[in-house]
Amino acid sequence: MATSKSYIVYTVLGEDANGRFEIQRRFKEFYLLRNVLSQRHPGLYVPPVPPKKKMGNTNQEFIEARCFYLNMFFKQLVRCPYLLESEEL
């Protein structure tokens, strides 16, 4: 994870059919991904992302907890083949 003056960037590591990858995303992009998946796949369980927080979201303890829950979000996502193979991921 990297810190900017105005936002935090989280690093996502993974592996797919094309090999290993590493991408960086802001929290709002995880939030948007969840919303898009929920809209495009009604009836499927899409796990929650951690809640938004307006104040204190640059606190190191908060950032580490958010990383943990974002990791859980992805672990739950990949358990569903329909979501794993969707264009959004």
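Since every read-out is calculated from the coordinates, none of them should be taken as a lab result. Quantities reported herein were computed from a predicted structural model and do not represent experimental measurements. As a convention, Cβ positions derive from the backbone with ideal geometry for all residues, glycine included, and neighbour counts pool all protein chains shown.
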**Asked** Counting only residues 5 or more places away or on other chains, whose amide H sits under 5 Å from the amide H of R26 once H atoms are built in the peptide plane?
**Response** Y10
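Going by the alpha-carbon gyration tensor, a ≥ b ≥ c the square roots of its eigenvalues, is the stretch 34-77 rounded (a/c under 1.5) or, if a/c is not under 1.5, prolate (a/b greater than b/c) versus oblate?
Values: a/c = 4.51, a/b = 2.04, b/c = 2.22.
The shape class here is oblate.
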**Prompt:** How many nm separate the modelled label positions at V78 and N59, each set 7 Å beyond the Cα in the direction of the Cβ?
**Reply:** 3.1
**Prompt:** So what's the angle, to the nearest 10 degrees on a 0 to 90 scale, between helix 60-77 and the longest Cα principal axis of the chain?
**Reply:** 0
**Request:** Among L77, N57, G43, pick out the residue whose Cα is farthest towards the positive end of the charge dipole of the stretch 30-89, where Lys and Arg carry +1 and Asp and Glu carry -1 on C-beta, about the Cα centre.
**Result:** N57
**Asked** Which loop-located trypsin sites (Lys or Arg not before Pro) does the stretch 56-89 contain, where loop means any DSSP state but H, G, I, E or B and the Cβ has at most 15 other Cβ atoms within 10 Å?
**Response** R79
**Prompt:** Cα axis of helix 27-40 to longest principal axis of the chain: angle in degrees, 0 to 90, nearest 10?
**Reply:** 20
**Per-q log10 I(q)/I(0), the chain, q = 0.15 Å⁻¹ (Debye; single scatterer per alpha-carbon; no solvent)** = -0.60
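Using only alpha carbon pairs under 8 Å that are at least six residues apart, calculate the relative contact order of the stretch 27-84 and give it in whole percent. Write out the running numbers ahead of the final one.
Values: 27 pairs, mean separation 17.0, N = 58.
Across the stretch 27-84, relative contact order equals 29 percent.
Where does the longest stretch of the chain lie that holds no GluC sites (Glu not before Pro) found in a DSSP loop with 16 or fewer other Cβ atoms within 10 Å? Let's see the in-between values first.
Working: sites that count: E85, E87, E88.
Between exposed loop sites, the widest span is 1-84.
Using the Cα centre as the reference, give the magnitude of the dipole from point charges on the C-beta atoms of the chain (Lys, Arg: +1; Asp, Glu: -1; all else neutral), rounded to the nearest 20 debye. Each step should come with its number before you reach the end.
Values: 13 positive and 9 negative charges, 97 e Å.
Here the chain has a charge dipole of around 460 debye.
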